[in-house]
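Input: a single structure, listed below in C-alpha cells.
The values are calculated or read from the model by the stated rules, or taken from the named source; none is laboratory data. On a predicted model such as this, the values are computed, not experimentally measured, just so you know. Cβ placement follows ideal geometry from the backbone for every residue including glycine, while neighbour counts extend to all protein chains displayed.
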Amino acid sequence: MSDTLVINEIYLSLQGESTFAGLPCVFVRLTACNLRCSYCDTAYAFTEGDKKTIEEICVEVNRLAEPFARASSVQARRLPLVELTGGEPLLQKNSLPLMAALCDDGFSVLLETSGAHDISPVDPRVRRIMDLKCPSSGEQARNRWENIECLRSTDEIKFVMGTHEDYEWAKAKIAEQHLDAICPLLVSWVHPLASEQQDKSLKKVPPGQMPISRQELAEKIIADALQVRFQVQMHKVIWAPELRGV
C-alpha cells in the first residue's frame, strides 16, 4: 500500500485555538473534506494539494521544528506542537500512521477533526480536538455521536457558534451527554468570512436562525455558568483573517 497523503500545506505558526493556544505549532493541512460547513475558512483545502510520503512530511516537520531543538533546554513538552488539520485529516487513511510517526519523533500531536468520522483508530498519544457541528453549520446531521464514547480526558470538544440557536443546542447537548465531565469544551465564535473565502460550495445557514455577536455569546456563557472555554481564533487577531500559512 502506498504511504502517500495529499497535503495542502505545512507551515510553522502559533496555535490559535484549543487549550494549547499561543504555543508554537507546525500545521500539516491535509487536502479534501466531505463536509461544507457554512463558516468554513479553508475551502482552498477542498481540492488543492500535492502527494507526499509520510517520510517526506516528517522530514519537513522536523526541519521546521529544528530551531526549537537548538534553542531550548530539556522541557516536559517538546515544542513546537504538531497539528493535523484540513480539510478532514481522517478522510485519508494514511493520516493514522503519519500521526503515529510524529508521536514516535517525540512531538505532542494534535488532531483537528470534524467529528463526522470514527476517531477510535487514532493513536492514543494524539490529542483529538473534535467538533460537534451546531445547527448553523448546515452539517449538524453529520455528527457521529458514537465518538463520544471514545473520548478521553486529554481530548477536547469544540463547538463553533454563529447563532443563538447554536448556543441553545450546544447547551442542551452538554447537559444531555454530560460532556463537561469527559474533557475540556471549547466554544468558538464564527468569524465572518472575507469575500475571497466565501466558496460557492458551502452550505447556507438554515433559514430563521438569529446571528449572535461575540459579546452576546460571551455574556450567555457567563450568565449560564457554562463549563466551557470561550476562545478567539488568535491567528485571526494577529494576522489578516484570510491570510494562509499562519
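Could you please let me know if M210 is at pLDDT below 95 and either closer than 12 Å to Y167 by Cβ or in contact with a Leu (Cβ under 9 Å, 6 or more places away or on another chain) (or both)?
no
Out of (1) within 23 Å of N143 (Cα to Cα); (2) of a type outside the set (A, V, I, L, M); (3) touching a residue at least 24 places away in the same chain (Cβ under 8 Å); (4) out of contact with any Pro (no Cβ under 8 Å at 6 or more places or on another chain), the odd one out for K93 is which?
Checking K93 against (1) within 23 Å of N143 (Cα to Cα); (2) of a type outside the set (A, V, I, L, M); (3) touching a residue at least 24 places away in the same chain (Cβ under 8 Å); (4) out of contact with any Pro (no Cβ under 8 Å at 6 or more places or on another chain), the one that fails is (3).
Let me confirm something: among S153, S120, which residue is under 24 Å from V82 (Cβ atoms), among the small types (G, A, S), in contact with a helix residue (DSSP H, G or I) (Cβ under 9 Å, 6 or more places away or on another chain) and surrounded by fewer than 16 Cβ atoms within 10 Å (Cβ to Cβ)?
S120
Give the residues of region 130-150 that are crowded, with 20+ Cβ neighbours inside 10 Å and charged (D, E, K, R), sorted by residue number.
Residues satisfying the conditions are D131, K133, E139.
Which condition from (1) modelled with pLDDT of 95 or more; (2) touching a Cys at 6+ places or on another chain (Cβ under 8 Å); (3) farther than 21 Å from L84 by Cβ is the one that A225 breaks?
Unmet for A225, out of (1) modelled with pLDDT of 95 or more; (2) touching a Cys at 6+ places or on another chain (Cβ under 8 Å); (3) farther than 21 Å from L84 by Cβ: (2).
Can you name the residue in region 169-192 that is out of contact with any helix residue (DSSP H, G or I) (no Cβ under 9 Å at 6 or more places or on another chain), surrounded by fewer than 18 Cβ atoms within 10 Å (Cβ to Cβ) and not small (G, A, S) and, of all such residues, is farthest from M234 (Cα to Cα)?
Top of the filtered list is E176.
Looking only at region 158-187, count every residue that is over 21 Å from E112 (Cβ atoms) and among the polar types (S, T, N, Q) and tell me the total.
The number of residues fulfilling the criteria is 1.
Residues that are in contact with a strand residue (DSSP E or B) (Cβ under 8 Å, 6 or more places away or on another chain) and part of a loop (DSSP other than H, G, I, E, B): does region 25-35 have at least one?
yes
V122 fails exactly one of the following numbered conditions: (1) outside any loop (DSSP other than H, G, I, E, B); (2) among the hydrophobic types (A, V, I, L, M, F, W, C); (3) closer than 25 Å to P24 by Cβ. What is the number of that condition?
Of everything listed in (1) outside any loop (DSSP other than H, G, I, E, B); (2) among the hydrophobic types (A, V, I, L, M, F, W, C); (3) closer than 25 Å to P24 by Cβ, V122 misses just condition (1).
Would you tally the residues in region 1-34 being hydrophobic (A, V, I, L, M, F, W, C) and buried (at least 20 other Cβ atoms within 10 Å of the Cβ)?
8
For the subset of region 89-117 comprising residues that are buried (at least 22 other Cβ atoms within 10 Å of the Cβ) and assigned to a loop (DSSP other than H, G, I, E, B), which member is farthest from the chain's Cα centre (by Cα)?
Step by step, filter region 89-117, then rank; the result is F107.
For region 140-157, state whether one or more residues are within 24 Å of S108 (Cα to Cα), hydroxyl-bearing (S, T, Y) and over 16 Å from the mean Cα position of the chain (by Cα).
Checked region 140-157: at least one residue is within 24 Å of S108 (Cα to Cα), hydroxyl-bearing (S, T, Y) and over 16 Å from the mean Cα position of the chain (by Cα).
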